[in-house]
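Please read the structure below before turning to the comments.
The values are calculated or read from the model by the stated rules, or taken from the named source; none is laboratory data. Since the structure is predicted, the reported quantities are computational estimates derived from the model, not experimental observations. Cβ placement follows ideal geometry from the backbone for every residue including glycine, while neighbour counts extend to all protein chains displayed. These area figures cover heavy atoms from the full protein model, side chains too; ligands, DNA and RNA do not enter into them. Shrake-Rupley method; radii C 1.70, N 1.55, O 1.52, S 1.80 Å.
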Amino acid sequence: MTLEVGSGLTIGLILGTVIVVAAMLIWVERRLLSFWQERLGPNRVGPFGLLQVVADMIKIFTKEDWVPPFADRFSFVLAPAIIMTVILLSFAVIPFGPNVGVVESNIGVLFILAMASLGAYSVMLGGLSSDNKYALLGSLRAAAQMVSYEVFMGISLLGVVALSGSFNLRTIVEAQEGMWFFIPQFIGFVIFLIAGVAESHRLPFDIPEAEQEICAGYHTEYSGMKFGMFFVGEYLGLVLVSSLITVLFFGGWMGPSFLPPIVWFALKSGVFIAFFILLRAAIPRPRYDQLMSYGWLFLLPLSLINLLVTGAIILST
Amino acid sequence: METIPVEHGLILAGILFCLGLIGVLTRRNIVFVLMSLEVMLNASGLAFIVAATRWGHAEGQVMFLMILTLAAAEVAVGLGLIIQMFRRYQTVDISVLSEMKG
Amino acid sequence: MITLFYLAGAIAVISTAAVIVQTNIVHALLYLILSLLAVAVVFYVLGAPFAAALEAIVYAGAILVLFLFVIMMLNLGQHTRDQERSWLSARMFVAPGIMSALLLGQFLNVMSQIDQDMTITRVGVMEVSALLFGPYVLAVELASILLLAGLVSAYHLAKK
Amino acid sequence: MLELIWLLPTFPLLGFLALVLTGGTLPKQIAGPIGAGSIGLSFAVAALIAMEFIGSGEDYFVYEAWTWMSVGSFSPGFTFYLDGLSTVMMLVITGVGFLIHLYATGYMADDPSFARFFSYMNLFVAAMLMLVLGDNLVLLYLGWEGVGLCSYLLIGFWYTNPANGYAARKAFVVTRIGDTSMAIGLFLLFAQLGTLNIQDLMHAAEGEWEVGSGYAVAAALLLLGGAVGKSAQLPLQTWLPDAMAGPTPISALIHAATMVTAGVYLIARTHILFELAPSVQLLVAWIGLATLLISGFTAMTQSDIKRVLAYSTVSQIGYMFLGLGVGAWSASVFHLMTHAFFKALLFLASGTVILSLHHEQNIFKMGALRKVLPVSFASFLIGSLALTAFPFTSGYFSKDEILLGALAVEGVGTWLWLGGLIGAFFTGIYTFRLFFIVFFGESNVKHHVDKEVGGWHMNGPLIILMILALVGGFIHVPVEAVFSHGEAHDEHHVSGLIHGIMIAVPLIGIGISYLFFMSKTFSVEKLMASGMAQSLHKFWLGGWGFDTLYNTLFVNPFLFLARINRKDLIDRFYALIVALSQAANGMIVRTQTGSLRWYALTLVAGLVFIVTLGALL
């Protein structure tokens, strides 16, 4: 059985895998966090607590799907669907292996940026339609944070695009034959990493949903499967950012041939997923204004300088 | 090679433009007016893209980018005005702002 | 692909029409996003993937987020929805409808005399960029100045 | 090196731009060096150019910077023409100008509008250099109007006092009469000869016009009109005494040393034209003589220190005109240069006096100042001696040449010479009257005078100018090539008697002045006792009543006409237009509903209308 780009089988497999991985990450995160904090974590359901995810899902599916009467029903229902849709759509352009992927797109990078910018609507609509002041505050924060960090994310990518001369992610991977881009584009890599965390509003940049301040932010009013979609959407975002870092800066599926390419891809992404979880365990949350000024006053100039220097080096060689 | 009649693309742009025009003329809420203006701008961008495709040139896309920039600047200023207007008059009704009558 | 063009065109027209008759401003905004995304698809079909991506990123992803942001700040509640409904009588649509129909009728009249096909050739990012930073570099500079001016004036206007 | 001539007006212009573009906000420590330094640089370049030019032995040098405008065959350029005459002018303007600028950094130090002052001064020098270096009459006219503008701005420099503004306006309007005449002269020359390049013009005039032909007379008369206005000669001399309202360095630079001599320069530059019209040339001589006599009488009665010097300036320019009129071209230019030295010296010294006495200008409130103000005293002594043509000072040589030139004219020459001699006599009287009253006798100073204001940048220029006023007569003016065929080169044999008379007459004047004002052997009071003397004194004090005459002759009738013309038929017609447009406005204003949607609707309606029209037609 060979996998081909765009075949129904491939699409199904990719879709299934990422969703399962994202769901499993809930368990992985809890286990890893507890290891780092010298606890045990969930280990009761199934071997090593592996079935904890299943238990969670059963709980979430059977819970009452409550829509508050004061909410704007249309947008309230739409909001969680948007985040799932855009993130799953983003996976469409990611090349998981030499011939594994959903589509070949010449504007892959742009597509992912477009989807990321549409993702902002999810949190904004969720907060706005809830008609709850904490939710509104959270979505205001989310909107500003995501719109801002999208900018640096896009600009930090452009160094890679300039080096490979293409927006096509597969071409970008193939261009790293000689050297992975995180060496020449180290600054771009760091900025992308930070912006990626902010985009998926993971800790330490989970300001839109900071429990201690605004009581879970934009999804305060959500419950049941709609909450589940937000929840899984976040982990999907984590997977997406990790695979993007792998593709853009760490040579994608490339690696010594004793392992199949797809395994290399999974390994590299896994490292970054673990890194993000470690980040959650290690770093405290900054204040909102610190986050914004850090982005606009430090990351933006830095990414612009990075792009400028990259351009100059490319022109001179 | 796939072909689409030029006039169909242009008619689509025309319809969108006219819808935006109706929006500008009918709505009293200034946010809607601004949104309708965006529709009209977008329709003109579409016309440029159709022309670019017709001649197989990239110039049309360049013009579209210019329109995009214009729209971004326009929206930023327009929304700033809306906020200021709401702050001063506590309304979004443009009919209220008629101090400039002769 | 050609079916996609007509499909996306139909979605764009319908959702734009929904924008101008909506009373709930958030819903109108969502329809507008849909319309813009449909237009982005039209761009893609017409062989302008770069324009399509920018339409989604800049128009749908940034400009309309600003709209939503402002709507959040204005915090228009249920009473504005009722007010909107009272403003939006059928009578309001008569004059603009007639005029737009006239305009569109003449436009269609002109268009019916054209009978040309456009062959879809994909014009990539490279060509557009080469033009932007070649012959149109002045336009790019002017656009950046325009954006800067917009930034400054928006900051000034929205300031308390 | 000679190609660098374009730098000459450029430096002051840059200084002007630097000062004016900063809105006059530059502090003194920066504005002063910019203002004076630009002129200093200009002078350095001018000196180098002059050395190279004179060393080269060439007759002239032309440098075309760029074409100003091009209309058909008429294409005046920014072309600089350097010959002996413009070399002298250029050196005087930049040299004396630099000294005066340097002086002004001290004189104006306490003025709040310091930077504005220097911006005007720099613009003036740039325009003046344009005037003397231009190779065509259009460029000359540009400079001509430029210096007029600066003169206006600087006379009214202290504009908070309405009197100063009035004086500035008077200067502007009166010189405008001359400028208009000159512009018409330019048109006439261009219409007849088809060029405005001065050298081409002179050749063409020589070739096409007979001596004494109508066109030559008309053109020379019109140019003379311009010269008379700018140089404050009869009958347009009335503005110069009032121009003393400006700061004293202005009086020294513009209203004594440079701008007012522009008329002399113009006539010298176009002397061929005047030679083609001998009657006009003789008129120049008579104008000069009349002016020098009238202003000499007037100067004797003035009590304002600057007005005395102003009338003396008018009088000295009268000498220059006399020289021009009798064909002693180089003598006139020579006198122009020496006059620039000693009159600048006198004005600057009077500035020191005025400043030391806290802006006191009335000479009868001075007195016995020679101990208190030693530098001014020395300056005044040397300046006055040069002015009265004391033997072997600079003024002696130049005035001598002019008077000898007058004597050489056949027929009326003796009369002109005699008139000039009477003028010299009165020069001696009024100059030393001023000198004795201010520096000797009893002190009438009201305020306490601490000490002489000064410092190196005020005293330095005075000392340099003292030296120039003393030895300036030995400088050789390199203008032979310019006037080569116009001047009578044959040396007249002049008897020793005539020389003796010319030396003696000013000395007698000084002596009479001494008897009246120093030793008080004769009493002024006794002289003034008679009614006739009093009315004569009043008549002379008012500058021979020219202002009154002009007021009754021109100003009042004009005002009368304007008053009766206030509600005339033509105005009615325009009032009708106003009423009509107001009515139309009343109708259209109704469409301004202030409603945005109404505007949009009408806009679209218009669009639909036009498109429909286009489709139907």
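The lysines within cross-link reach of C:LYS159, meaning a Cα-to-Cα straight distance under 28 Å and a gap of 8 or more places when in the same chain, are A:LYS133, B:LYS101. So if R0 is 51 Å, what FRET efficiency would A:THR17 and A:VAL309 give, r being the distance between their Cβ atoms, rounded to the nearest 0.05? It comes out at approximately 0.85. For the pair B and C, the buried accessible area comes to roughly 7000 Å² in total, with a 1.4 Å probe and the value rounded to the nearest 100. Expressed as a whole percentage, what fraction of the accessible surface of segment C:1-105 belongs to carbon and sulfur atoms when a 1.4 Å probe is rolled over the protein heavy atoms? Solvent-exposed carbon and sulfur of segment C:1-105 make up 73 percent of the total. Approximating the spin labels as points 7 Å out from Cα along Cα→Cβ, the A:ARG39-to-D:ASN161 distance works out to 9.1 nm.
Helix A:73-90 and the long axis of chain A differ in direction by around 30°, with both axes built from C-alpha atoms. Amide H contacts of D:GLY77 (H built 1.01 Å from N, in plane; Pro and chain starts excluded): D:TRP68 sit under 5 Å, all sequence-distant by 5 or more or on other chains. For chain D, complete DSSP H runs whose alpha carbons reach 27 Å or more along their own long axis and whose mean Kyte-Doolittle score is 0.0 or higher are D:28-56, D:84-107, D:114-133, D:162-193, D:278-301, D:305-325, D:329-356, D:413-439, D:569-588, D:596-616. Annotation for C:SER144 and D:GLN199: the two label points, set 7 Å from Cα along the Cα-Cβ direction, are 5.2 nm apart.
Projecting the Cα atoms of A:THR171, D:VAL308, D:PHE364 onto the charge dipole of the protein assembly as shown (Cβ charges, centred on the Cα centre) puts D:PHE364 farthest toward the positive pole. Placing +1 on each Lys and Arg Cβ and -1 on each Asp and Glu Cβ, with no other charges, gives chain A a dipole about its Cα centre of roughly 460 debye. GNM remark for chain B: springs join alpha carbons under 10 Å apart, and the peak mean-square fluctuation among B:LEU16, B:LEU65, B:LEU46 falls on B:LEU65. Checking the cross-link pairs D:LYS343/D:LYS365; D:LYS170/D:LYS343; D:LYS365/D:LYS451 against a 20 Å limit on the alpha carbon distance flags D:LYS343/D:LYS365; D:LYS170/D:LYS343 as lying beyond it. Residue by residue, segment D:524-530 carries 3J(HN,Hα) couplings of 5, 4, 5, 4, 7, 5, 6 Hz when phi is fed to the Karplus relation 6.51 cos²θ - 1.76 cosθ + 1.60 (θ = phi - 60°); x denotes Gly or Pro. Would you be so kind as to identify which of D:ILE198, D:LEU17, D:GLY288 lies farthest towards the positive end of the dipole of chain D, taking Lys and Arg as +1 and Asp and Glu as -1 on Cβ and the Cα centre as origin? Of the listed residues, the answer is D:LEU17. For chain A, modelled as a GNM whose springs connect Cα atoms under 10 angstrom apart, the maximal fluctuation among A:SER242, A:SER223, A:SER139 occurs at A:SER223. Of all lysines in the structure, those lying under 24 Å Cα to Cα from A:LYS63, and not within fewer than 8 positions of it along the same chain, are A:LYS226. About its Cα centre, chain D has a charge dipole of approximately 2780 debye under the convention of +1 per Lys or Arg Cβ and -1 per Asp or Glu Cβ, with nothing else charged. Relative to the longest principal axis of the Cα atoms of chain A, the long axis of helix A:8-36 makes an angle of roughly 70 degrees.
Only protein atoms count toward the accessible area here, which uses a 1.4 Å probe; on segment D:326-370, the carbon and sulfur part of that area reaches 50 percent. Based on the reciprocal of the average 1/r between different C-alpha atoms, the Kirkwood radius for the protein assembly as shown equals 38.2 Å. Scanning residues 5 or more positions from D:LEU369 or on other chains, those with amide H under 5 Å from its amide H are D:PHE439, D:PHE440, with H placed 1.01 Å from N in the peptide plane.
With a cap of 14 neighbouring Cβ atoms within 10 Å, and only residues DSSP puts in a loop, list the GluC sites (Glu not before Pro) found in segment D:21-125.
Passing sites in segment D:21-125 are D:GLU58.
Projecting the Cα atoms of C:GLY47, C:MET99, C:MET73 onto the dipole axis of chain C, where Lys and Arg carry +1 and Asp and Glu carry -1 at the beta carbon, places C:MET73 farthest toward the positive end.
With the solvent-accessible surface defined on protein heavy atoms using a 1.4 Å probe, which residues belonging to segment A:37-78 display a reduction of at least 50 Å² in accessible area in the multichain context relative to the isolated chain? When all protein chains are present, A:PHE74 each give up 50 Å² or more of accessible surface. Across segment A:276-289, coupling constants 3J(HN,Hα) worked out from phi with the 6.51/-1.76/1.60 Karplus curve, θ = phi - 60°, read 5, 5, 4, 4, 4, 6, 9, 10, x, 7, x, 6, 4, 5 Hz, and Gly and Pro carry x.
3J(HN,Hα) couplings calculated from phi for segment A:302-317 with the Karplus curve 6.51 cos²θ - 1.76 cosθ + 1.60 (θ = phi - 60°) are, in sequence order, 4, 5, 5, 5, 4, 5, 4, 5, 4, x, 4, 5, 4, 5, 7, 9 Hz; Gly and Pro show x. If only the Cβ of Lys and Arg carry +1 and only the Cβ of Asp and Glu carry -1, the dipole of the protein assembly as shown around its Cα centre is close to 3880 debye. What are the DSSP H helices in chain C that stretch 20 Å or more along their long axis, judged by alpha-carbon atoms, and whose average Kyte-Doolittle hydropathy comes to at least 0.5? TM-like helix candidates: C:2-21, C:25-45, C:94-112, C:137-158.
Accessible area of segment A:67-316 with a 1.4 Å probe: how many percent of it is carbon plus sulfur? Carbon and sulfur atoms account for 73 percent of the accessible area of segment A:67-316. Working note: 222 nm ellipticity from helices only, DSSP H runs with n ≥ 4, each -39,500 (n - 2.57), summed and divided by the residues of the protein assembly as shown, gives -23000 deg cm²/dmol to the nearest 500.
Divide the volume of the convex hull around the Cα atoms of segment D:307-430 by the residue count and you get 91 Å³ per residue.
Pairwise inverse Cα distances across chain A, averaged and inverted, put the Kirkwood hydrodynamic radius at 20.3 Å. The C-alpha atoms of chain B define a longest principal axis, and helix B:59-89 lies at about 10 degrees to it. Using alpha carbons only, the radius of gyration of segment D:285-522 set against its Kirkwood radius gives Rg/Rh = 1.00.
Using a Förster distance of 45 Å, how high is the FRET efficiency between A:ALA81 and D:MET587, based on the Cβ-Cβ distance and rounded to 0.05?
Step by step, r from the Cβ atoms, then E = 0.20.
If you plug the beta carbon distance of C:VAL152 and A:PHE186 into 1/(1 + (r/R0)^6) with R0 = 35 Å, you get a FRET efficiency near 0.55. GNM on chain C, alpha-carbon springs under 10 angstrom: the most fluctuating residue among C:ALA139, C:ALA62, C:ALA38 is C:ALA139.
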